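Taking it in order: structure first as structure tokens, then the write-up.
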Amino acid sequence: MEAVNLLSSNRYTEKQIGYLFISVLVNSNSELIRLINNAIKNDLASRNPTFMGLALHCIANVGSREMAEAFAGEIPKILVAGDTMDSVKQSAALCLLRLYRTSPDLVPMGDWTSRVVHLLNDQHLGVVTAATSLITTLAQKNPEEFKTSVSLAVSRLSRIVTSASTDLQDYTYYFVPAPWLSVKLLRLLQCYPPPEDPAVRGRLTECLETILNKAQEPPKSKKVQHSNAKNAVLFEAISLIIHHDSEPNLLVRACNQLGQFLQHRETNLRYLALESMCTLASSEFSHEAVKTHIETVINALKTERDVSVRQRAVDLLYAMCDRSNAQQIVAEMLSYLETADYSIREEIVLKVAILAEKYAVDYTWYVDTILNLIRIAGDYVSEEVWYRVIQIVINRDDVQGYAAKTVFEALQAPACHENLVKVGGYILGEFGNLIAGDPRSSPLIQFNLLHSKFHLCSVPTRALLLSTYIKFVNLFPEVKTTIQDVLRSDSQLKNADVELQQRAVEYLRLSTVASTDILATVLEEMPPFPERESSILAKLKKKKGPNTVTDLEDAKRERSADVNGGPEPAPASAASTPSPSADLLGLGAAPPAPVGPPPSSGGLLVDVFSDSPSAVAPLAPGSEDNFARFVCKNNGVLFENQLLQIGLKSEFRQNLGRMFIFYGNKTSTQFLNFTPTLICSDDLQTNLSLQTKPVDPTVDGGAQVQQVVNIECVSDFTEAPVLNIQFRYGGTFQNVSVKLPITLNKFFQPTEMASQDFFQRWKQLSSPQQEVQNIFKAKHPMDTEITKAKIIGFGSALLEDVDPNPANFVGAGIIHTKTTQIGCLLRLEPNLQAQMYRLTLRTSKETVSQRLCELLSEQF
Amino acid sequence: MQFMLLFSRQGKLRLQKWYISLSDKEKKKITRELVQTILARKPKMCNFLEWRDLKIVYKRYASLYFCCAIEDQENELITLEIIHRYVELLDKYFGSVCELDIIFNFEKAYFILDEFLLGGEVQETSKKNVLKAIEQADLLQEVINSNIPRTLLQVILVY
């Protein structure tokens, strides 16, 4: 209470202490809050800069929601008012930033936003700094509003960077001009893609090059502060270069600069270089350059004394890993694992597992790696890892025997980890027969080996081993009695754990009662697992948060070139992953549906994994009706079922058109392998050219993806293209086809003309081929206004007062194609009593008349 | 910036500035953990480390550790310089600052920090301007004779 009294005092010191008290001890006592807010309001309106400053500081320090409600409207006004002092403007900008961070909805965008952008040009660098921070945060949510700030920021930045050290006087920090402001401006630029205006872009490139050049110059001061400030600007510039990812020479220079830092004396710089290189590694331009530093990085891994730096080195190795150096990197990571800090072991295990699986050319190597992993860091091998190895072994016939043998040998070690027992138990249970021929690994020996570990294991492992035993009963009848004895023993049948007891009892019964056939059917070999997104990758993403290093192949796939014409999905991505089978185990992004002959490795795989592109579902019911609806309109929902909604938005100009197809996932589960394909018959393909870009094959639950189709009408056409969508939902495979409403009338341009012109042309087009007439019954109620709207929607101009009979509708227009332009005239005569229409179409080309007549007849 | 802590070699907290809203319990927990982690690091190690989902930038000046927590996308080196700039400001103001100065004049330290950083962002990068603002405030203080209840200051000190 005292504090609130102090706030309203006019004495500066008392006010100051009052505010300090409030900021340190704020609580949600509503009475006090109201009084405090009142005092603050008075101070803000007081026009005394010191008091305003204090008030703003308090709001910024507390930043509670009530304060935001009270002041969010006031502060922008203070910010852009012409007569506010510079220091108050600074505080107001940052205060607004704080309020925006806590309650973004309470800070509405208004016309103050453009004035804030102009603050970037202010004389006072403090104001510019504060404004930049504010704009950076606001621009992340509303990029459109602040687009103009990009060019201003670039010019400001170039002025700073090229200024001599005496220009900026007090803002020069140890011979580095305005480092904080430079860093902030660079951060602001990272909110936007590279500028489109070539002048601005040129300036920015110059700027960045200057910064890179300065790094090469000898330092102006021995102090560490100078180099820190200089390098801070340098690193931020490198982040911007990586973000833009558009200038290859800048990227390569940045990479080289970082490479130099990798061996710098200062640990800080080595750490930051490793971190920046991680992001650089995912850009395709610089990936090769990054790989050249692999020796340095491995060295760092081995010799660094600082654990944080070693951790970064591991991250970088993971990021730069690709087919050529996978084996080397995995080997290095494994050897590091043996001595690694306990806190980071799990992450390294996950990474090694992912890398091993992804880049395994030879699956025996993969099995070895995983088993090594379990041996070295068994405790940290989470469930997902060994599930995955089991899945892979089961799915690949060729590695099963090798896996069985290796596991058998590994189990013979005196002290083996429980995870190894689990993996071993499972694999021997499935594939023990493959090595049973060898006398050293006869069934009995296998069983004894597993059973020797039995009592050392926890309950879930024992349960798994029991299942293995019953599989042995099926595979090796000779050990049946031994196993039955084991199962019969009291320690199993009367085991305290319910699961074990149940399994023992049931398996015992099964082995005694069932005949060999039934046993064989029940205990048949596990079928291959269906393809799923790797749970390991999901787990790693969860651990590291959403900013994980994205892997190179995903980035490559996203960049893959447009599909030119034709409906087939681009096989370009298939080229970047030479082994189709590795790709099929779909890590990260599911592969596009393979077109052409399926890969020959592993016949089993093909059936399970390749989504056959040849089977196109028949047209979905209601597709014809929907199609008809879209003849006269361009936007709406084309198709909808339980899972998927397809919306359309199209625009046409003369003979060109653009259609946006929106696919909405109505469920809460992801769609995988989402492939929309445009299918045109050969005739249609010559007359209508469709260009589209491939769509992200994974659609999240509740999300919408957009596909753009560029359309060009080469010549008139009659058929419509079919849109076929295939995707996986849950475990089922979905296949939907709808007719895509790209019709000839979309390229219709209305033409106004007077009555005489119309009839003149009408007479000109009087030859029988040019006229098509149709008399049909009205399907919809005959309403004049609706009919007029439909005709206009069809694309034709509705001509009033042309036809002597006012009830008739007359229209005219031109169909634009690449090759020709065809003038069209139409007349629709309704007969209300008979509920029928007579539609006459006259154009200079017979096929056009035919098609337009067909289309239009359906509308009424 | 999310928060800034100053603590001694023995782990005693001298200054704490939070730019995010957290409950008291959480603040204490974070402080405890972080102080332990940083004190455990050897002198030659680099100034940055990852902790939970934040980046921690710290520097040791004589007997005091200055520690800042920043978000993932912020620039670490510039934060290091923010710490250095703050130390310079304190140095200029107190004249050859030492830990005792901060202990006995903590409110001044807070005021200087507030002039320099606001809401977690750098407000004013010109050393002159910051010090000028503080001097003006001091001037106002001396000219006006005030009688602030002593109890209020004691409460803040304890907190």
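Every read-out reported here was derived from the displayed coordinates using simple, explicitly stated rules and does not represent laboratory data. Quick caveat, the model's predicted, so the values are computed rather than measured. We place every Cβ from the backbone using ideal geometry, glycine too, and count neighbours over all the protein chains shown.
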Query raised in the report: In region A:117-217, with Lys and Arg counted as +1 and Asp and Glu as -1 at Cβ, which of these residues, A:126, A:211, A:188, has the Cα nearest the positive end of the dipole, that is, farthest along it?
Result: A:188
Query raised in the report: Is chain A rounded, prolate or oblate when judged by the Cα gyration tensor, a ≥ b ≥ c being the square roots of its eigenvalues, rounded requiring a/c under 1.5 and prolate requiring a/b larger than b/c?
Result: oblate
Report task. Please report A:385, A:80 as a ranked list, fewest other C-beta atoms within 10 angstrom at the top and most at the bottom. Result -> A:80, A:385
Report summary line: Relative contact order in percent for region A:146-233 (Cα pairs under 8 Å, 6+ apart) equals 36 percent
**Report entry** 14 Å beta-carbon shell around residue A:830, net charge (K/R +1, D/E -1)
**Finding:** +2
Requested in this report: Could you let me know the centre-to-centre spacing of region A:242-269 and region A:145-223, using Cα atoms, in angstrom?
Outcome: 17 Å
Query raised in the report: By its C-alpha gyration tensor, with a ≥ b ≥ c as the square roots of the eigenvalues, how is region A:746-839 shaped: rounded for a/c under 1.5, else prolate for a/b larger than b/c, else oblate?
Result: prolate
Report summary line: Dividing the mean separation of Cα pairs under 8 Å (6+ apart) by the residue count of chain A yields a relative contact order in percent of 5 percent
Query raised in the report: So what J values fall out for region A:365-371 if you push phi through Karplus, 6.51 cos²θ - 1.76 cosθ + 1.60 with θ = phi - 60°, rounded to Hz, Gly and Pro as x?
Result: 4, 4, 4, 4, 4, 5, 5
**Report entry** Mean-position separation - Cα centroids, region A:463-542 and region A:358-430, in angstrom
**Finding:** 19 Å
Report task. About the Cα centre of region A:695-829, how large is the charge dipole given +1 on each Lys and Arg Cβ and -1 on each Asp and Glu Cβ? Please answer in debye to the nearest 20. Result -> 340 debye
Query raised in the report: Under a point spin-label approximation (7 Å from Cα along Cα-to-Cβ), what is the residue A:733-residue A:681 distance to one decimal in nm?
Result: 2.7 nm
Query raised in the report: residue A:220 to residue A:196: FRET efficiency via 1/(1 + (r/R0)^6), r the Cβ-Cβ distance, R0 25 Å, to the nearest 0.05?
Result: 0.10
Query raised in the report: How long is the gain from residue A:778 to residue A:109 if the chain were fully straight, where each residue apart is worth 0.36 nm and the alpha carbon distance is subtracted?
Result: 235.7 nm
Query raised in the report: For region A:648-653, what does the Karplus curve 6.51 cos²θ - 1.76 cosθ + 1.60, with θ = phi - 60°, yield as ³J(HN,Hα) per residue in whole Hz, taken in order and with x for Gly and Pro?
Result: 10, 8, 9, 9, 9, 9
Query raised in the report: Where does chain A land at 222 nm, in deg cm²/dmol rounded to the nearest 500, when only DSSP H runs of n ≥ 4 count, each adding -39500 (n - 2.57), divided by all residues?
Result: -16500 deg cm²/dmol
Requested in this report: Calculate the spin-label point distance for residue A:489 paired with residue A:65, positioning each point 7 Å from the Cα along the beta-carbon direction, and give it in nanometres.
Outcome: 6.3 nm
Report summary line: If one compares the long axis through the Cα atoms of helix B:24-39 with the longest principal axis of the Cα atoms of chain B, the angle in degrees, nearest 10, works out at 60 degrees
**Report entry** For region A:796-810, Karplus couplings with θ = phi - 60° (6.51, -1.76, 1.60), whole Hz, Gly/Pro x
**Finding:** 8, 7, 8, 9, 8, 6, 9, 7, x, 8, x, 6, 7, 10, 10
Query raised in the report: What residues of region A:311-353 lie in the reach of a label at residue B:33, counting those whose backbone N is under 16 Å from a point 7 Å from the Cα along Cα→Cβ?
Result: A:343-344
Report task. Provide A:83, B:91 in ascending order of the number of other Cβ atoms located within 10 Å of each residue's Cβ, fewest first. Result -> A:83, B:91
Requested in this report: Please compute the net charge surrounding residue B:131, taking Lys and Arg as +1 and Asp and Glu as -1 over other residues with Cβ under 15 Å from its Cβ.
Outcome: -2
Report summary line: Expected sort for A:339, A:267 with the fewest Cβ neighbours (10 Å cutoff) up front is A:339, A:267
Report task. Using only the alpha carbons of region A:1-119, determine the length spanned along each of the three principal axes and report them from longest to shortest in whole angstroms. Result -> 42, 28, 18
**Report entry** Residue-span extension gain [residue A:383 to residue A:649] - 0.36 nm each, minus C-alpha spacing
**Finding:** 91.1 nm
Requested in this report: Taking the Cβ of residue A:821 as the centre, find all other residues whose Cβ is under 12 Å away and add up their charges (Lys, Arg: +1; Asp, Glu: -1).
Outcome: +1
Query raised in the report: Size of the dipole of chain B about the Cα centre, Lys and Arg at +1 and Asp and Glu at -1 on the beta carbon, nothing else charged, in debye to 20?
Result: 760 debye
**Report entry** Computed magnitude of the charge dipole of the protein assembly as shown (debye, nearest 20; Cβ of K, R +1, Cβ of D, E -1)
**Finding:** 2180 debye
Report summary line: Measuring from the longest principal axis of the C-alpha atoms of chain B, the long axis of helix B:76-94 (C-alpha) lies at a number of degrees, nearest 10, equal to 30 degrees
**Report entry** Contour minus Cα-Cα distance for residue A:452 and residue A:704 (0.36 nm per residue)
**Finding:** 85.2 nm
Query raised in the report: Among A:77/B:108; A:693/A:739; A:15/B:132; A:89/B:92; A:302/A:539, which pairs are too far apart, with a Cα-Cα distance over 21 Å?
Result: A:77/B:108; A:89/B:92; A:302/A:539
